[in-house]
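Chemist: Below is the structure I would like to discuss, written out as structure tokens.
The values are calculated or read from the model by the stated rules, or taken from the named source; none is laboratory data. Just so it is clear, the structure is predicted and the values come from calculations on it, not from any experiment. Neighbour counts are summed over all protein chains in view; Cβ atoms, including those assigned to glycine, are modelled from backbone coordinates with ideal geometry. We work out accessible area using only protein heavy atoms, side chains counted, and drop any ligands, DNA or RNA first. Shrake-Rupley method; radii C 1.70, N 1.55, O 1.52, S 1.80 Å.
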Amino acid sequence: MIYLFTFILLLIPVIRFDLMQLKGNKQLWLYLEFFVLVLIAGIRYRVGGDTIVYMDHFEGYPTISELSTFDFENAVYNRLWYIYNSVFKSLGDSFTLFQIVQALIVNTVFFRFFKRYSPFYFTAILVYFWGYYCYFNMEIQREVLAICVLLESYYFLQNKKFIIY
């Protein structure tokens with residue numbers, strides 16, 4: 001039901017601004033869509049295969065002060081994943097906090113990318129929600145950070161700054 005409501009919420013500005021080319025509160029709609037998508041991904045509970053695994057492992061992740069004694073050699077994931085999670089363990093030891101910040105990062109990068117490179121960014125957001133939102137926000141939480149870096153560095157590729165890219 002929540003996804004149907006969200007789909008309708010995302011469809012309204014597509015019709016209004018992208019198809020009918022009406023003027024109005026585009027920024028308000030953009031912030032509303034962003035807020036709803038971050039909220040859904042941030043406060044979900046045990047949705048997504050990888051999320052369940054990360055949620056179960058979160059208890060065993062080190063805090064920032066424990067990183068110096070953490071055994072990175074026998075760890076399952078790469079070092080940056082543990083360092084990234086240790087920040088959230090130190091801030092509040094809450095997986096919900098981690099999910100909210102992760103959703104903020106991922107959706108901010110995607111929304112910025114759509115705003116920069118799509119003349120119909122409401123349509124791009126709707127396609128993102130329909131096709132990849134659940135996958136990027138609830139399944140591949142480690143891999144999507146690499147996708148975010150790629151999307152942010154696309155500007156350098158487009159401007160032929162290959163070394164920075």
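Chemist: Among VAL76, ILE64, LEU30, which residue has its Cα positioned farthest towards the positive end of the charge dipole of region 29-165, with +1 placed on the Cβ of Lys and Arg, -1 on the Cβ of Asp and Glu, and the dipole taken about the Cα centre?
Modeler: Checking the options against the dipole of region 29-165, the answer is LEU30.
Chemist: For the chain, take the longest principal axis of its alpha carbons; what is the angle in degrees between that and the long axis of helix 143-158, to the nearest 10 within 0 to 90?
Modeler: With rounding to tens, the tilt is 50 degrees.
Chemist: Ok, one more. Among ILE125, ILE15, PHE111, which residue has its Cα furthest toward the positive end of the charge dipole of the chain, with +1 on Lys/Arg Cβ and -1 on Asp/Glu Cβ?
Modeler: ILE15
Chemist: What's the longest uninterrupted piece of the chain once you rule out the GluC sites (Glu not before Pro) that are loop residues per DSSP with at most 13 other Cβ within 10 Å? Please report the intermediate quantities before stating the final value.
Modeler: Values: sites that count: GLU59, GLU73.
Between the exposed loop sites, the longest stretch runs 74-165.
Chemist: Moving on. Compute, for the chain, the length of the dipole vector about the Cα centre, with Cβ point charges of +1 (Lys, Arg) and -1 (Asp, Glu) only. Units Debye, rounded to 20. Mind dumping the intermediate values first?
Modeler: Details: 13 positive and 12 negative charges, 196 e Å.
Charge dipole, the chain, about its Cα centre: 940 debye, nearest 20.
Chemist: Related question: Apply the Karplus curve 6.51 cos²θ - 1.76 cosθ + 1.60, θ = phi - 60°, to the phi angles in region 99-109 and return the couplings in whole Hz, x for Gly and Pro.
Modeler: Values per residue, Gly and Pro as x: 5, 5, 5, 4, 5, 4, 5, 4, 6, 4, 5 Hz.
Chemist: Taking only protein heavy atoms and a 1.4 Å probe, what accessible area per residue, in Å², does region 65-144 have with all protein chains in place? Show your work: numbers first, answer last.
Modeler: Numbers: 4220 Å² over 80 residues.
Using a 1.4 Å probe on heavy atoms only, each residue of region 65-144 averages 53 Å².
Chemist: According to the square roots a ≥ b ≥ c of the eigenvalues of the Cα gyration tensor, what is the shape class of region 119-164, taking rounded for a/c under 1.5, prolate for a/b larger than b/c otherwise, and oblate for the remainder?
Modeler: Numbers: a/c = 4.96, a/b = 1.39, b/c = 3.56.
Cα axes put region 119-164 in the oblate bin.
Chemist: Given [x] 40; [y] 50; [z] 63 as candidate values of percent of Cα pairs over 22 Å apart, which corresponds to the one derived from the coordinates?
Modeler: Checked against the structure: label [y].
Chemist: Separate question: Could you size up the charge dipole of region 10-63 around its Cα centre, putting +1 on the beta carbon of Lys and Arg and -1 on that of Asp and Glu, and report it in debye to the nearest 20?
Modeler: About 380 debye.
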